[in-house]
Amino acid sequence: MFNRLLIANRGEVAVRVARAAREIGIAPYGVVSSADADASWLSALDGHVCIGGSAPKESYLRADAVVQAARQTGCAAVHPGWGFLAENPRFAALCEQHGLTFIGPRPGVMERMGRKWPAKVAMRAAGLAPIPGSEGLLDDVEAALAAAEDVGYPIILKADAGGGGRGMRMCTDARELREAFGAARAESLAAFGSGALYLERYLEGGRHIEVQILADAFGAAVHLGERDCSVQRNHQKLIEESPSPALDADERAALGELAASAAVQVGYAGAGTIEFLRDDTSGTLYFMEMNTRLQVEHPVSEAVTGIDIVLAQLRSAANQALGLTQDDVAVRGHAIECRINAEDPAQGFRPTPGRLATFEFAADVDPGAVRIDTHLQAGDEVSPYYDSLLAKVIAWGETREAAIATMRGALAASRVEGVATTLPLHLAVLDSPEFKSGEYDTRSIPGWPT
């Protein structure tokens with residue numbers, strides 16, 4: 001195991017990884033932009049290096065500067081967190097070239113699984129069923145039109161290198177596809193450095209269900225159950241829960257076994273997530289993509305299994321055996337996570353950067369059942385340069401009903417002043433009949449006007 005770890009990220013994920021590193025005697029170091037140079041969360045680190053300006057492309061996206069910071073601070077390993085360079089195979093390869101351990105899969109595996117089309121090919125070979133779509137990437141709009149005719153409208157264009165809804169366009173006919181193709185390609189190129197697109201049949205509604213897997217370099221893998229991430233806005237997740245109320249016990253076991261087996265077959269090592277879309281009409285679970293990194297919503301799986309996913313990442317990267325079989329993993333109770341963002345849902349989710357006058361999240365509503373993951377405190381500035389995530393509230397209960405009640409109590413007792421937040425939206429979702437019954441899908445936000 002390495003003695004020093006550089007965290008190539010900021011904010012909440014930097015604090016989360018630092019906490020896990022300290023648990024096993026690893027000293028955490030970090031990188032910061034000029035905008036974060038005086039941030040309160042830097043106290044979680046043993047040291048840090050300022051690597052550039054406020055904009056991500058001037059700092060957190062500078063792979064060369066991150067590697068130099070690791071060498072400067074004597075770190076033997078680099079944890080990318082999520083976002084920024086987390087799924088960049090060139091960055092992972094650069095770390096390896098400089099003798100640094102990258103906390104994640106090998107660059108070749110990341111390259112294959114990070115690109116949506118190669119991932120679909122690999123997962124089909126591993127026994128998973130991808131959503132019907134184009135046979136390969138689309139060279140131009142004419143190729144897209146031909147593929148759409150074969151698949152059948154409506155279709156959705158997707159960025160091969162993408163995520164988070166960028167580069168996506170839903171089209172109901174050929175006219176819309178002609179209009180959307182250029183815009184989707186341009187958005188994908190700007191966001192990911194690649195304009196490559198493919199298309200899939202658009203499944204109306206459905207459930208977004210993902211399986212958390214852990215694997216080591218010796219061919220062992222387990223799953224930690226599934227998370228339901230169907231409460232979304234523009235493909236951005238708002239609330240996650242585990243287990244999914246849409247699956248029964250047999251479906252859950254079969255899906256987890258398939259996901260763990262697929263991870264082994266593609267040579268995956270570390271923590272990863274395999275994402276599926278459940279077709280409400282047929283009940284089929286279609287493979288969508290694999291995330292080759294730590295997920296924002298990983299605490300949900302930790303709450304129901306008691307397994308620290310970041311510690312598992314660190315041990316896997318240090319070439320330690322997983323030390324778990326599937327029989328060792330027990331899913332107990334139910335957990336829900338609410339992402340609290342500095343956004344105003346009443347104003348079209350307009351970002352609301354500013355200074356936090358009050359920042360109080362109630363973890364003591366039910367001691368041991370509520371977890372708060374945050375990097376902020378009262379007086380801190382919410383920057384306009386980065387993700388608007390303020391905190392994640394995770395609530396656990398013996399039953400789904402108990403978890404909902406605990407979450408609602410925790411949110412109702414929390415106070416954030418100085419910026420508008422999504423707290424009112426989360427309370428509305430928790431109170432909605434659709435969410436309480438578990439009968440919701442990706443088409444709308446339960447309890448919130450569209």
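Where a number appears in this text, it was derived from the coordinates with a stated rule and is not lab data. Predicted, not measured: the structure shown is a model, and the values here were computed from it. Here the Cβ is made from the backbone with ideal geometry for all residues, glycine too, and neighbour counts use every protein chain on show.
Listed from fewest to most Cβ neighbours within 10 Å, the set Met170, Met113 follows the order Met170, Met113. Note on the chain: with a GNM built from Cα contacts shorter than 10 Å, the maximum mean-square fluctuation among Glu179, Glu187, Glu96 falls on Glu179.
Note down the net charge around Trp41, summing +1 for each Lys or Arg and -1 for each Asp or Glu among other residues with Cβ under 13 Å from its Cβ.
Local net charge: -3.
With a Förster radius of 25 Å applied to the beta-carbon distance between Ala190 and Ala249, the computed FRET efficiency rounds to 0.05. Ordered by the count of other Cβ atoms within 10 Å of each Cβ, fewest first, Tyr268, Tyr385, Tyr286 give Tyr385, Tyr286, Tyr268.
Exposure proxy ranking for Thr172, Thr284, Thr273, based on other Cβ atoms within 10 angstrom of each Cβ and starting from the fewest, stands as Thr172, Thr284, Thr273. Report, in deg cm²/dmol and to the nearest 500, the calculated mean residue ellipticity at 222 nm for the chain, where each DSSP H run with n ≥ 4 adds -39500 (n - 2.57) and the sum is divided by the residue count. Computed mean residue ellipticity for the chain: -9500 deg cm²/dmol.
Modelled this way, with points 7 Å down the Cα-to-C-beta line, the labels at Gln236 and His98 are 3.1 nm from one another.
Measuring r between the beta carbons of Ser444 and Phe218 and using R0 = 60 Å, the FRET efficiency lands at 0.85. Specify the residue with the greatest mean-square fluctuation among Asn291, Asn88, Asn234, computed from a Gaussian network of the chain linking alpha-carbon atoms under 10 Å apart. In the Gaussian network model the winner is Asn234. With Rh defined as the Kirkwood radius, the inverse of the mean 1/r over Cα pairs, the Rg/Rh of the chain is 0.94. Among Asn88, Val109, Gly30, pick out the residue whose Cα is farthest towards the positive end of the charge dipole of the chain, where Lys and Arg carry +1 and Asp and Glu carry -1 on C-beta, about the Cα centre. Going by the Cα projections, it comes out as Gly30. Stretching Val49 away from Glu434 to a fully extended chain increases their span by 133.9 nm, per 0.36 nm per residue minus the current alpha-carbon distance. On the beta carbon distance between Arg355 and Asp150, with R0 = 56 Å, the FRET formula returns roughly 0.55.
In the chain, taking the dipole from charged Cβ atoms about the Cα centre, the farthest positive-side position among Val304, Tyr202, Ser43 is held by Ser43. Note on Leu427 and Ala412: the extension gain reaches 4.6 nm, defined as 0.36 nm multiplied by sequence separation minus the Cα-Cα distance. Please give the residues of segment 293-309, grouped as numeric ranges, whose backbone N is less than 20 Å from a label point set 7 Å along the Cα-to-Cβ vector of Ala330. Zone members listed by number: 300-309.
The relative contact order of the chain, computed from alpha carbon pairs under 8 Å that lie at least 6 residues apart in sequence, is 14 percent.
Label separation (Ala183 vs Gln347): 2.4 nm, computed from points 7 Å beyond Cα along the C-beta direction.
Of the residues Ala318, Ala395, Ala330, the one that moves most in a GNM of the chain with alpha-carbon contacts below 10 Å is Ala330.
Computed about the Cα centre, the dipole magnitude for segment 241-330 is approximately 420 debye when only Lys and Arg (+1) and Asp and Glu (-1) carry charge, each at its Cβ. For segment 188-282, the dipole from Cβ point charges (+1 on Lys and Arg, -1 on Asp and Glu) about the Cα centre works out to 340 debye, to the nearest 20. What separates the Cα centres of segment 208-257 and segment 409-423 is a distance of 28 Å. For the chain, a crude dipole built from +1 on the beta carbon of Lys and Arg and -1 on the beta carbon of Asp and Glu, taken about the Cα centre, is about 1040 debye to the nearest 20.
Residues of segment 255-285 falling in the label zone of Asp308, defined by backbone nitrogen less than 20 Å from a point 7 Å along Cα to beta-carbon, are 270-272. In the structure shown, the pairs Lys120/Lys436; Lys237/Lys436; Lys116/Lys436; Lys57/Lys120; Lys392/Lys436 are assessed against 22 Å; a Cα-Cα span above that value is assigned to Lys120/Lys436; Lys116/Lys436; Lys57/Lys120.
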